[in-house]
Structure formats: structure tokens, C-alpha cells
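Chemist: What follows is a structure written as C-alpha cells; I'll ask about it next.
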Amino acid sequence: MKIRSCVGITKPSLLLVHSELPALTFHKTKLTWTSTLRFPSNYERTSGSVSRFHCSVAGRTGASTSVSSSSSKSNTVHLSRKQVKPSSLYSRPSLSNMKKERIANRAKVYEFLRVLGIIPDELDGLELPVTVEVMQERIDFLHKLGLTIEDINNYPLVLGCSVKKNMIPVLDYLGKLGVRKSTFTEFLRRYPQVLHASVVVDLAPVVKYLQGLDIKPNDTPRVLEKYPEVLGFKLEGTMSTSVAYLVGIGVSRREVGGVLTKYPEILGMRVGRVIKPFVEYLEGLGIPRLAIARLIEKRPHILGFGLEERVKPNVASLLEFNVRKASLPSIVAQYPEIIGIDLKPKLLGQRSLIQSIIDLEPEDFGTVVEKMPLIVSLSNTSMVKHADFLKGCGFSLQQVRSMVVECPQILALNLDIMKLSFDYFQMEMQRPLDDLVAFPAFFTYGLESTIKPRDKIVAKRGFKCSLSWLLNCSDEKFKERLNYDTIEMEEMETMPSFDMNSLMEPRSNESDSDYEEDSDDEYA
């Protein structure tokens, strides 16, 4: 039974209470509540007193019924409260609604990416823009950098980088270092992870470390352009161990900066898997370790030749083409690239060409390679022109073949200078062609610096000597020979050959860390 109001007297001593409380106003509380008390149905038989209170809170009215009873406390009072309306100032979206909204927004972004041809499968779990407009901004910025949809698909995580917070600070830093804007596209294609990096925490310490390896500040941007992956390396990891190993085998400490500038990929090479096996294999061929160190100083890119994929097969090809095993150290030391190129097709092609123009025997081709390994990379046109020149000078095919086997360099020299030397030989020296057949290296000496001065001295003294005696010696040795009464047989030196010891001599004070590309154009 619901009781709204009741007045009664159960005991004479009790005073009837029926009061209206004054309205109470709270400025901070906006809560409105109503409480209704329900009593058991047998309450009519129970004595007691009931009071009804009306309260007004901040202009809102609620009703409260209070009961005072002397009956047993076992009577239960049930309270019922009304639910707060959604229009209450405390209302907010539920977490489930927020989650549904995020899922819906992400689905829109994914659909937008698919329309552009971007596969978003790898983006699950990555924080992405909540709107298509922001995602469009990122993609437009990447396009301005030269990256294509294919590039983005190769590394879709780049879409998680903010333009203002990630991309612009990183690119500004690289630009201030001196990395050319024209290289940004290729830079990011090779190492897009750089856009996730912190300039202060990740990039600046690596740049400082590189400069600590004697890489000049002016060379640093070129190093980064060549090998941007270096920005992701740990300072005390592969970089430090590879440099330490090279210094340990004999690479001069003062040359390290130049070596890394020319070929920074060394910083990412593992010593145990790449550098050490390569060095030990060359040692096994017969090249002294210090000579290997000098080769690395001059041509550090040889460390990038795959040992199993390229170097060992190329060595096997040289042996197959009648190159003697004892000559391998000299061949590699003279022309290290020979173990890094696709060699076998070149050997086949060059042997076939030389055989067609001078009727060279296959057995002699190995000798030619031993004396001039660079022949495997000479152009066909150059060799044909040189052979035709010699034939035009009056040499027979057999003589040309003999001269090429004796001194293959005559197929690679500057043809105009050869013509001047031959004219002097004929007009001034007036020697028979057989002298050139016996010493074709005549063409390798400077006409003005060596041939003319020595020929005039010998002519004044009335000496009769071979071209080898005249030319195949140093200036100091030549002066000694002029004091001899007769020409001894031991003075008739053989053709000069490569001296491995010359490779291990101390280096001159040449520029070792300025950025410059080595040129293989040793011959015209």
C-alpha cells in the first residue's frame, strides 16, 4: 500500500507533526531526486507516526516520505530511484560508441587508400589519421617528394608519419647537413624508416659518430646519400667492429675517413660473415695481408664483391682460361675489379675477338690476361683499331700477335701518342721493325720524357744498344749504364712485371679523405 500523507495520534504524549520545510537552494548541485517509501500491506494495523517533507533543490521539486515506527526493525524498506535522463549535463558517449566511431572512421580511411591503389593490410595496429582529409595531406606530401604509390606500398608504414611532426623536421635536418634535395626521392626509397626517426635522439648522434671516424663534414652528406641506411645503425654495433677490423689488418687509421667516404657500405658489413672471409680468401690466393689493406684503401668497394656468388666463380674462370694459379695474386692486385664483374662471358668474348683479329692461340690468351688483366674490359673497337694500326706500320700478322702476347698494353694505349712514337722511331732512330717486335713496350714510354732524351745521349756516345737496354730501367740505373765500357748480358732486362712489394710501400701524403671518385681509365 502506498501512503502519501497520514496524520494520527498513537500516544497522548506525542505531538502531531505536519510541517512544510523552507525551500533549500544549492548552487553547485543540479541533481533532482524523488524518493517514495513503500510499506507493507499490514501497516494499517501498525501504530506509528508519518511525516511528509517537500524539498525544493535549485528550483526543482522532489518528494520525500519519512517513517518513524516502533514496530519491529524486521520490516524492510524498499527504495526506488528514477534514472537520470540522457539530457543531464553529466551525459557523455559510451566507450562502446566511441570505439564504433573509430572503427567507422578507419574503415573510411582504408577505403580511401584502396581507391588510390594502396594496400592497407599492414596498417592494422598503426595509429593513422582519423579523417580522409589528413591522410590525403600525407599522401600529397609524399608525392611531392617523388614517391609513387608503388613506393608507398613497398613501405606502407610511412603513412603513420605526421607531415609536421615527423617528415618536415627530418627533411629539414638532412637539408641543413647538405643532403641534396634532388637525392631525397632515392634516399627515401632506400631508407623510408628515416621519417620515423627523431632528429635529436636518432639522427644527430649517428652523424656525430661518422665525423668522429674522420669523415669530413663536407663529405658527410655524400656518405648519407650513398648509404642512407647508416642512419639506422647502432653506434656500438656493426659500425665500430668493421672499422676496428680494417685497422687491425693494416688499413691506415688516417685513411679510414677516406675509405668510408668512398664506400660507406662497409659500416653495415659484419666482420665474421663478410669482411674477414673475404680477406682470408685473398690471403689464400697468395696476396699478403698488408697488400690487401692497401687495396681496400684504394678501392674499398671490393669488399662488396660477393665471395661465394662472384669472387670464387671468377677465380675458377681465370684458371679455366689458362691463367696460371701463381699469377692470380698479381692479377687481382693489378685489377681488383676482375673478381667482381661477370667475368666468364667477358673472357669468352675477348678471347674470341683477339683470336679473330690477330689469330691468337687459346693458350696464349691466358698469358695476355696475366700481363694485362684489364684486357677483359677493353672495348672491341679499341682493340681492332690498335691491331689495324700495327698492321699499317708494316708488321705482319705473326709479328703483331707476338707483340700483343709480349706486351698486351699496346692494345690499350693512346693511339695518337703511339703514332708520334712510331714516327720518331722510324725517322730519328732509324731502327728496324724487328727491334719493336723484340721490345713492343717501347710504346709505353713517354716520348718527350724518356725516349728522346735517352736516345740523344746514346747517339752522342756512339752506343749501340737494344731498346730494352735503353728504356727498361730507371733514370738512375740508366746513368750507371752509361759508365759501362760494354753492355753486359745481365743488363738485358726482361719485360717489367708487376711487383707486389710496390703495393705495400708506405703511402704518399695524398688527399685521403676528400670526396672523389676513383677512375679506372688507366689507359686511353
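The values are calculated or read from the model by the stated rules, or taken from the named source; none is laboratory data. Bear in mind the structure is a predicted one, so any value in this text is a computation, not a measurement. Counting neighbours? That spans all protein chains shown, and the Cβs are built from the backbone with ideal geometry, glycine included. Accessible surface areas use protein heavy atoms only, side chains included; no ligands, DNA or RNA. Shrake-Rupley method; radii C 1.70, N 1.55, O 1.52, S 1.80 Å.
Chemist: By what distance, in whole Å, do the Cα atoms of the stretch 97-200 stretch along each of the three principal axes, largest value first?
Modeler: Principal extents (largest minus smallest coordinate, Cα): 49, 28, 20 Å.
Chemist: Same structure again: What's the center-to-center distance, using Cα atoms, between the stretch 262-310 and the stretch 406-444 in Å?
Modeler: Their Cα centres are 38 Å away from one another.
Chemist: Among residues other than residue 380 whose Cβ falls under 15 Å from its Cβ, what is the net charge (Lys/Arg +1, Asp/Glu -1)?
Modeler: +2
Chemist: Let me check something: with ligands and nucleic acids excluded, how do 444, 220 order by accessible area (1.4 Å probe), largest to smallest?
Modeler: 444, 220
Chemist: Continuing with the same structure: Give me the net charge of residue 331's neighbourhood, meaning all other residues with Cβ under 13 Å from the Cβ of residue 331; Lys, Arg count +1, Asp, Glu -1.
Modeler: The answer is +1.
Chemist: Considering only 395, 409, 433, whose Cα is most displaced toward the positive end of the charge dipole of the stretch 387-471, charges sitting on Cβ of Lys, Arg (+1) and Asp, Glu (-1)?
Modeler: Sorting the options by dipole projection puts first 433.
Chemist: For a quick check of understanding: with a 1.4 angstrom probe and all protein chains in place, what accessible area in square angstrom does residue 435 have, to the nearest ten?
Modeler: Approximately 40 Å² of residue 435 is accessible to the 1.4 Å probe.
Chemist: To the nearest 10 square angstrom, what accessible area does residue 122 show with a 1.4 Å probe?
Modeler: Roll a 1.4 Å probe over it and residue 122 shows about 120 Å².
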